[in-house]
1. Over the Cα atoms of chain B, Rg to Rh with Kirkwood Rh, two decimal places?
2. Find the all-direction average of the projected area of the Cα convex hull for the range B:593-660, expressing the result in square nanometres with one decimal place.
3. Note the angle between two axes, namely the Cα long axis of helix B:545-567 and the longest principal axis of the Cα atoms of chain B, as a number of degrees from 0 to 90, rounded to the nearest 10.
4. Excluding B:T227 itself, calculate the net charge of residues whose Cβ lies under 13 Å from the Cβ of B:T227, where each Lys or Arg counts +1 and each Asp or Glu counts -1.
5. Among B:K50/B:K226; C:K78/C:K160; B:K238/B:K260; C:K63/C:K160; B:K217/B:K342; B:K217/B:K526, which pairs are too far apart, with a Cα-Cα distance over 19 Å?
6. Around B:L293, which amide H atoms from residues at least 5 apart in sequence, or from another chain, sit under 5 Å from its own amide H, with H modelled in the peptide plane?
7. Using a 1.4 Å probe and counting only protein heavy atoms, how much accessible surface gets buried when A and C come together, both sides summed, in Å² to the nearest 100?
8. Calculate one ³J(HN,Hα) per residue across the range B:31-45 by plugging θ = phi - 60° into the Karplus curve 6.51 cos²θ - 1.76 cosθ + 1.60, and present them in order as whole Hz with x for glycine and proline.
Amino acid sequence: MKPAAFDYACPDNLDEALALLADRGDRARVCAGGQSLGAMMNMRLATPDVLIDIAGLRELQAIAVVDGAIEVGAAVTQDALLRWPELVVRQPLLARMLPWIGHYQTRQRGTVCGSLAHADPSSELPLALALLRGEVVLRSQRGRRVVAAADFQTGMMATATADDEMIVAARFPVAQAGTASAFHEVAQRHGDFAIVAVAAVGDKHAIRLGVGGVADMPGVIDLTWPVADAALNDFAWALGGADDQHATARYRRELVRRIGRRVIEEVGDALS
Amino acid sequence: MQRVEDPTLLRGLARFADDLPTPPHACHAAFLRSPLAHGEIRAVDTAAAKAMPGVLAVITGAELAAHSTPFITGVKVDAPQYALAIDRVRYVGEPVAMVLAQDRYLAEDALEAIVVDYLPLTPVMDPVMAVAAEKLHPGTAGNVLHERDFRYGDPEGAFATAAHRVEATYHYPRNSCTPMECFCVIADYDPGSEAFEITANFQGPYTLHTVMARSLKVPGNRLRLKTPPYSGGSYGVKQAVFPYVVALGVAARIVGRPVKWLEDRLEHLTAATSSTNRVTTLKAALDAEGRILALNYDQLEDCGAFLRAPEPATIYRMHGNMTGAYAIENLAIHNRVVVTNKTPTGLMRGFGGPQIYFPLERLLDKAAAKLGLDPLELRRRNLVPTDAMPYRTAPGALLDSGDYARSMERAVSEGGLAELQARRDAARAEGRLYGIGYAVVVEPSISNMGYITTLLSPEQRERSGPKNGALATATVAFDPSGAISVAVSSVPQGQGHRTVLAQVVADVFGMDPTEVAVSTEHDTAKDPWTIASGNYSSRFAGAVAGASHTAAMQLRERLSLIAAADLNVPPEDVAYGNGRIFARGNPDNSLPLGRSAAKAHWSPLSIPDGAGAGLRETAFWNMPELAEPDEGDRINSSGTYGFIFDFCGVEVDPDTFAVRIDSYVTMHDAGRLLNPMLANGQIRGGFAQGLGAALLEELSYAPDGGFQAGTLADYLAPTVMEIPELTILHDQSPSPFTPLGAKGLGEGNCMSTPVCIANAVSDALGRELTSLPLTRSRLAELMLGEEPASTVPQIPAPAIDGHALQGQGSTIVPAPAKDVWAILLDAEKLAAVIPGCHALTITGENAYRADVTLGIGPVKGRFVATVALQDLDPPHALRLIGGAAGPLGRSQGEGRVTLSETPEGTRVAYTYTVTISGKVAAVGGRMMDGAARALINQFFKRLVSQAGDGDASPGLFARLLTWLGLAK
Amino acid sequence: MRYLEAGKRHTVRFTLNGRAVEREAEPRLLLSDFLRQHLGAFGTHVGCEHGSCGACTVRVDGKAVRACLLYAAQVEGKAIETVEGLATPDGLNALQAAMQKHHGLQCGFCTPGILMSLSQLHAEEPDADEARIRDVLSGHICRCTGYHGIVQAALDVFGKD
């Protein structure tokens, strides 16, 4: 299990990285933490010609609150965000979800934006981004664009990022006063990919529920209080999961109904 | 005492196989493995691989076969297995070719350039179906390669007259102990002496040395097999390195250089070895009081693609103790061993145990329910009585010692069963799902080398000659400085051999254990060994430590003669203590131990007659109780039998069906404990693996033969979060048959824990459980009633049906049906529609071959795709048959496409059936369905674009995505 | 920009357990292979090469990370710590000694990685409780011990200073 040969590029600044990306297109792969990409390269499932390592780029190291959102640079590790002192106040849902990503050791290399770029259907961060209606900031030599979460992930391990583009930051909206959130995940073991992960954020009027692990990408639905079982059930069906060796589609739907209910109740309790 | 092994390990200075020096000109091997569960090898093209940089050789099965013979097997059948597949592959991961290159990276580069032309054959995956399915091996009569019936007592009579009869069918799954260190082999060949020198992290049994030497076509003394001083776990598994010892030996011979191979995790999980999966129909006959009168086992054992040595040992290892811890006079056993398209099986901690105790202890719960008895009471009534020890079971085991009833009652009181029952009652009163389970197990250790011959009829055994015993050997020596060292022919994998042997020998000489040096490397050319040597069947404490004790005692006798002369006392008055030898009754008359010992080296003429020169003793120890099977097929399959009684309380989450172990108590009677700390360490390790087998672990296969557990994210070994606190209790009934009274104890919880947890979960849920592992999803499927339907009509989700992934969908193409049809029938246009198509050649009428790059996200691979269009009904319908093959794996499928006109354009509807196997399926099982859909989506996206001349409107594209279920 | 071409060896400079090292490596060479095969630091073990088992865990600039998911080229200028650097001139460090005392290892293959994770945790959170210790250990698979002795060893060392 050894990677195929590749060129390794360690650009000194973002412009160099973008120039290289423009030049090499889909034969280049941006790598920040490499916790998913590295494993796939070792198995030769991914065989890029050139690996562009952005972990050291100064421009991408920041966590800051900008225009009501927590803007997380593309080189920020999951662990660094988890240790950010303001996180629990600014966005408690993220603080709850981050410890579920992989393990202590992988969170110290794996980045927030890398997880979004990888777009694994069972990952926590794509679910958080979709649920919170965050945004992804993409850069290329052609310019900068901000893509809403709903438009960013287009399928399983597929995103709207063009071949010459890379994520430079992710934007997670700061939690609003009067809202509450909750999160539950069911995995086979601690740290495994979610069989079902359910997150919710709500206020007095409505609640938004997001589910990961079931379909090709996170599913999100807006519901109003009180949430009827039928609505939750329809959502569970609409996600359209399939059987795999770890869980049946039926079990996943059941979890969406049951864990979904737990999460909804938790948000309700927190609001009252 | 603390382990003497630890400081070296903790500093990172221990030398495991891959840490040993390799000759500077050694080259590195990598294996090309079958992506198919079953297929004919039509051609292997290695030319491109051979031309790659750093590549020294590419060896195919045919070349290997010229230098080796098939492995000898315990069952004489015409189903030859070589270290590489020759003309057929029979399981995913079977080695097909071997690359030798300057380093592993270059070797793996070359693997991708080897092209194998396979003709896929229908895989046989289910052992029950395998019985009547098309045979895997042309030379055999069928897939059942071994079948035998056994009768002890009068089972038919007992069943006919019994008050109660219970019966159930149980399925034990495939799993593995997955040591953290994978296999490693370093091989060299000397053409001058026509001899192999091979280092491997092999663990025995050394019966396999004969198998390897024969396969390499040399006498045993031309295969020098060495094992390293440290091994990163085995639990039986490293027995299965032996085919690679042969492969690497042949490779060294062909390339004329030393060769090295280190197995990687994907290879290990896919193709190293496995426990057997077994289907057992077990019947029990009971009298009105709940005494078991008879058992009837119908066992169907799945050994995978070949009966690789030592199989079919799994099904015979327990033969003598098939009645468990119970006094049961009448027993019938029907054994069948089948081959299927799965990895060959082999040694595994608990070997054969969980396969019998899962049915037996599950069925006892069922019997208790039927009789209205407490399950514990039913077990209590059937235990082998203490005054019957040593007790001969119906099938021939001699249960050596134990007070089963006392051990059980001690556990009940000291383990707090009453409190646990109160906790269950309280939990149930609150409506929680809480259950208690029990398991009673007899744990055999020190395998009789003759047990496997139980598979032969008495007449066949007569012809082949008796096989018996469990010969162990150890050497203890004083060097000229008077220091002592011990060497044994057991290869440790973490059990603390050095610590225990140092203790045992130090005790004999009254010295500090730290002064004893223990060598645990082994070299068949230099060290004493026997066919029973190795580290398996929990033989260390009983046999190996015992042999060391015997050798030390023999040496002490001689040393006492020397010292007696120096101390001027009779030899029987020589005593040992504090590193000195002294006269009993007069401790002042003493000598340093080393001085007398050194005398044997420095002044051999001065030592008394009978002491012999040079103080080195090699002892061979055997058990007279381990005779070959008798004419009635009774076999004392093991030398000692420990007793285990487990109980546990579990709670099942009513929403997620996660099983939480609330309390687990395990009582062991393994005879005399040599080192309680190490003993508990073995129990905890076995328990963790047993828990994994109960709840998480499975080497799973898709019905199409694709292997699905290629990574440690798919094969789920428990982490620290899954292992609960464990209460360990000990009883000590010394074995009368081993020198130290010790028995093995490392495997017991692999036998008891899976069924104990299953019994508790069954109690909690009120449901029969007949298979493992008890994953959350499986428990949910068992418990959930009818599912509420959606109020919105559903598009059927893709499903795994029979042998394949199935799905359907449709899309609107903005063009008339005849244009869409024209694209599908036009090679050039089709080339533009097939995702990632580089080149398309016409191979026949409406048949094409294409070079494509397929993938999703960063996952991309080159494939050769074949496409044929059939059943043409222009412009309405056609059938598409095709496949793709490349280094990442293979897929085969067919689809039916129908075209119909709509106001927006042509509706293209399709159904498909795809099978995917090889690497992508092994490591990405949870995404295969999504990936298949994504690729089909790519195809139609391009079809839309092609039909609409590249300007499909965004509205149409969005609608397409919606249809495909890829956008909401 | 540092641009290392495939198939060629490039110099990498870093410190290994405090000692400056300068060696050549191809871009694709895994850090785990670099340490073991090129630097003879065999204490770091390889168990899965896909980031799941934790056996190869080393500390890079203080952080416990998987060496199988890093390339040698990526540790340029960094400080690498491996199990070989843990013992003091007087003998085993507190964590190592506790592992021996509590029988926290059997075959010892997974042990170096576990020690590296716990050493970071101990340096940063010396009062970590059992739940936190277990969370950190959950990134390691041990097939021998059932984890009991490992947890006991950690509990013996944490919360003591």
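The values are calculated or read from the model by the stated rules, or taken from the named source; none is laboratory data. Computed from a prediction, not measured in an experiment: that's the story for all the values here. With ideal geometry, Cβ positions are generated from the backbone for all residues, glycine too; neighbour counts draw on all protein chains shown. The area values use the complete protein model at the heavy-atom level, side chains included, leaving out ligands, DNA and RNA. Shrake-Rupley method; radii C 1.70, N 1.55, O 1.52, S 1.80 Å.
1. Across chain B, the Cα-based Rg/Rh ratio is 1.03.
2. Numbers: hull surface 52.6 nm².
So the mean shadow area of the Cα hull is 13.1 nm².
3. Long axis of B:545-567 versus the principal axis of chain B: about 30 degrees.
4. In short, 0.
5. Working: B:K50/B:K226 31 Å; C:K78/C:K160 30 Å; B:K238/B:K260 17 Å; C:K63/C:K160 22 Å; B:K217/B:K342 28 Å; B:K217/B:K526 21 Å.
Correct reply: B:K50/B:K226; C:K78/C:K160; C:K63/C:K160; B:K217/B:K342; B:K217/B:K526.
6. B:A285, B:L286, B:D287
7. Between A and C, the summed buried area is about 3100 Å².
8. For the range B:31-45, the Karplus curve yields 9, 8, 10, 5, x, 10, 6, 8, x, 9, 8, 8, 7, 10, 9 Hz.
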